[in-house]
Amino acid sequence: MKNIFIFGYYGFQNTGDEAILQVMIDQIKENIPYAKLTVLTYKAQETIDKYNINVVSRNKYIDLIKAIKESDIVISGGGSILQDTTSARSLIYYLSIIYIAKKMGKKVMFYGNGFGPITKAINKKLVKHIINKVDIITVRDYQSKEEMISLGIKKEIIVTADVTFAYKALPEIEIEEMLIDDEIDTDKKMIGISVREWKNEEKYKSVIAKAGDYLIDKGYEVIFIPMQHPRDYIISEEIASMMERTPKILQKIYSPKELISLMGKLYIMIGMRLHSLIFATIAGTPILGIEYDTKIYNFLQIVEQDNAGKVEDLDIDNVIKNIDNVLERRQEYKHRIDCVRDMLRKKSEQNILLLKSFMEKGEKK
């Protein structure tokens, strides 16, 4: 039996990161059934209950060291955890795991990661020194690869796709029940909005509130979809309180598969959170992104969908212009989504195939 230790931003009720973890667990169990999994998490019991796997708490450093020591391979499990725009401390934390693993002679893999930006000089040096020791690197987009190369990463970097593209929707009857439970008016065309808090920016909230009113006045059902609880729910409530009309806010905490299925019922999805845009893409729903980070820009380029602008520069006239454009050309945007989605799904499957091949080669040595 091989021991696999996976680390990432798990246990924080972030739907995107939990989706990544769920797909990884499913893929490994299906393709490498002899492997024993251990996952780093913020909420140990919650992760055990949800996934039925071994866990290590992020704050129990002795247990963390032990888990690395007992592993055969350490995996950085998706997401954009290696960057210093939101927190340099978390970057150092994750780099330390990689450094310790390599010092112990362990194999390390990046599994469809996003990467960057790295802005501080000292962090750039640390990243270059440590990541050049990683055994196999797959990233979810070409911009992540270019960022790594620009920092002096000499290892082979394979571009795959976000792990969550392996997800598929739920049966139709279950989706209808979800909409009824949340009192969504299915007689109207539904438009989803996903928001998050971003640094000291406040102006964007009033812009999104006005855009929501505009859509309701046009006859659409506007639904705020929190991707991380309770943070996104609180921001959604703040924006809803600024509106003259009354939108819906999803009350329940849904699983990734449930949210993807629900997004398949939307007319369009307007999102700040990357995985709100990814989930909508998986569901085949046209998207309009709001750029708070370069990863949003990068993803919109890949799927050939529109960008409403950067959070700090968001303007209501431009946002409405972009919304109208997507609404008017919806079928064209949907066709683009459908074509790119199938390609990304195939690319995302390369992550598990590369891991399986890597582990099998190790066994033969």
Worksheet item: Of the residues that make up the range 326-345, is at least one under 13 Å from residue 160 (Cβ atoms), of a type in the set (A, V, I, L, M, F, W, C) and either in a helix (DSSP H, G or I) or at pLDDT below 95 (or both)?
Response: yes
Worksheet item: Which condition number in (1) within 17 Å of residue 140 (Cα to Cα); (2) of a type outside the set (Asp, Glu); (3) free of Cβ contacts under 8 Å to residues at least 40 places away in the same chain is the one that residue 310 fails?
Response: (1)
Worksheet, complete the sentence: Within the range 118-143, the residues that are of a type in the set (S, T, N, Q) and closer than 16 Å to residue 88 by Cα are 119, 123
Worksheet entry | Of all residues making up the range 229-265, the number that are modelled with pLDDT of 95 or more and open to solvent by less than 10 Å² (accessible area, probe 1.4 Å) | 4
Item to complete: Test residue 299 against the criterion of being open to solvent by 10 Å² or more (accessible area, probe 1.4 Å) and within 17 Å of the chain's Cα centre (by Cα), and give yes or no.
Response: yes
Practice prompt. Would you mind telling me which numbered condition in (1) within 29 Å of residue 254 (Cβ to Cβ); (2) open to solvent by 10 Å² or more (accessible area, probe 1.4 Å); (3) more than 15 Å from the chain's Cα centre (by Cα) residue 83 fails?
Written response: (3)
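Show me the helices (runs of 4 or more DSSP H) found entirely inside the range 200-283 where at least 1 residues are within 17 Å of the chain's Cα centre (by Cα) and closer than 19 Å to residue 315 by Cα.
none
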Discussion item. For residue 113, only one of the following conditions fails: (1) in contact with a strand residue (DSSP E or B) (Cβ under 9 Å, 6 or more places away or on another chain); (2) open to solvent by 30 Å² or more (accessible area, probe 1.4 Å); (3) under 28 Å from residue 161 (Cβ atoms); (4) among the polar types (S, T, N, Q). What is its number?
Written reply: (2)
Worksheet item: Residues in the range 302-326 that are among the polar types (S, T, N, Q), open to solvent by 40 Å² or more (accessible area, probe 1.4 Å) and under 26 Å from residue 112 (Cβ atoms): how many?
Response: 1
Worksheet, complete the sentence: Condition set polar (S, T, N, Q) and in contact with a strand residue (DSSP E or B) (Cβ under 8 Å, 6 or more places away or on another chain), scope the range 284-312, selection nearest to residue 269 (Cα to Cα): answer is 285
Worksheet entry | Filter result for residue 49 (open to solvent by 60 Å² or more (accessible area, probe 1.4 Å), closer than 23 Å to residue 230 by Cβ and not aliphatic (A, V, I, L, M)) | yes
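The values are calculated or read from the model by the stated rules, or taken from the named source; none is laboratory data. Computed from a prediction, not measured in an experiment: that's the story for all the values here. Here the Cβ is made from the backbone with ideal geometry for all residues, glycine too, and neighbour counts use every protein chain on show. Side chains are part of the model used for accessible areas, which takes the heavy atoms of the whole protein and leaves out ligands, DNA and RNA. Shrake-Rupley method; radii C 1.70, N 1.55, O 1.52, S 1.80 Å.
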